[in-house]
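Undergrad: Before I ask anything, here is the structure I am working with.
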């Protein structure tokens, strides 16, 4: 089975399982999904309503994870609001006992500190990683998810993927117009393993944190 741990495109076939990313206003369909508030989309005026909507959806069987959520230093959203909302996602993840899918832009250390400060107890997946220091995330006990950046052999993602522990990663398409199987093929080439072994690695990681 090919597993796409984070995508904005619906594609579940006989050999592909994908987790669709939803946000406020999207209602879970009969399709595996995650749901959360992206730091780009935060507005003080609608936070109470948004919190209520996400919380009501979070316990549904179709919702496998909370997010994507996190911190993004490059966006226009007020930093204090980003931190407050991320703290709320941490609490919700603990409450419903579902993993957290994290969006992080130049904020990985801040996120690690907040996860510790607010005693997050569920698995964490840092999605779309492509920066220096990826190894620090999985060495801290978290999962890292690789996507389109693997296609560039000079990217930080491609460099990190060579040494990432087999029990610490996922693969994803995110919003890229790219076939998931192509990402798996490149990942297998980087790791110098057969594609079937790459599929097995990801499946084992999926079963570790999403066993139902």
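The values are calculated or read from the model by the stated rules, or taken from the named source; none is laboratory data. Computed from a predicted structure; not experimentally measured. Glycine gets a Cβ as well: all are built from the backbone with ideal geometry, and neighbour counts include every protein chain shown.
Undergrad: Scan segment 35-47 and give yes if some residue there is under 18 Å from the mean Cα position of the chain (by Cα) and surrounded by fewer than 17 Cβ atoms within 10 Å (Cβ to Cβ), otherwise no.
TA: Yes - at least one qualifying residue is present in segment 35-47.
Undergrad: Look at segment 29-39 and say how many of its residues are within 22 Å of residue 180 (Cα to Cα) and in contact with a helix residue (DSSP H, G or I) (Cβ under 8 Å, 6 or more places away or on another chain).
TA: Total meeting the criteria: 1.
Undergrad: With outside any helix (DSSP H, G or I), under 19 Å from residue 38 (Cα atoms) and either modelled with pLDDT of 95 or more or in contact with a strand residue (DSSP E or B) (Cβ under 8 Å, 6 or more places away or on another chain) (or both) as the only criterion, which of 74, 166, 93 stands out?
TA: Answer to the selection: 74.
Undergrad: Of everything in segment 171-192 that's in contact with a helix residue (DSSP H, G or I) (Cβ under 6 Å, 6 or more places away or on another chain), within 21 Å of residue 105 (Cα to Cα) and in contact (Cβ under 8 Å) with a residue 40 or more places away in the chain, which residue is surrounded by the most Cβ atoms within 10 Å (Cβ to Cβ)?
TA: Ranking the qualifying residues of segment 171-192, first place goes to 171.
Undergrad: If I ask for residues that are surrounded by 22 or more Cβ atoms within 10 Å (Cβ to Cβ) and not in a strand (DSSP E or B), which ones from segment 135-149 would you list?
TA: Answer for segment 135-149, where residues must be surrounded by 22 or more Cβ atoms within 10 Å (Cβ to Cβ) and not in a strand (DSSP E or B): 137, 147.
Undergrad: Report, ordered by the first and then the second residue, all pairs with beta carbons closer than 7 Å, sequence separation of six or more or different chains, a first member in segment 104-115 that is surrounded by fewer than 17 Cβ atoms within 10 Å (Cβ to Cβ), and a second member that is modelled with pLDDT under 95.
TA: 105/73; 105/74; 106/73; 106/74
Undergrad: OK, next. Can you pull out the residues in segment 77-87 that are touching a strand residue (DSSP E or B) at 6+ places or on another chain (Cβ under 9 Å) and surrounded by fewer than 19 Cβ atoms within 10 Å (Cβ to Cβ)?
TA: 79, 83
Undergrad: Something else about it: Residues of segment 40-66 being touching a residue at least 60 places away in the same chain (Cβ under 8 Å) and either in contact with a helix residue (DSSP H, G or I) (Cβ under 7 Å, 6 or more places away or on another chain) or assigned to a helix (DSSP H, G or I) (or both), which ones?
TA: Within segment 40-66, 64 is the sole residue that qualifies.
Undergrad: Within segment 193-205, can you find the residues that are surrounded by fewer than 18 Cβ atoms within 10 Å (Cβ to Cβ) and out of contact with any helix residue (DSSP H, G or I) (no Cβ under 6 Å at 6 or more places or on another chain)?
TA: Answer for segment 193-205, where residues must be surrounded by fewer than 18 Cβ atoms within 10 Å (Cβ to Cβ) and out of contact with any helix residue (DSSP H, G or I) (no Cβ under 6 Å at 6 or more places or on another chain): 193, 194, 196, 197, 200, 203, 204.
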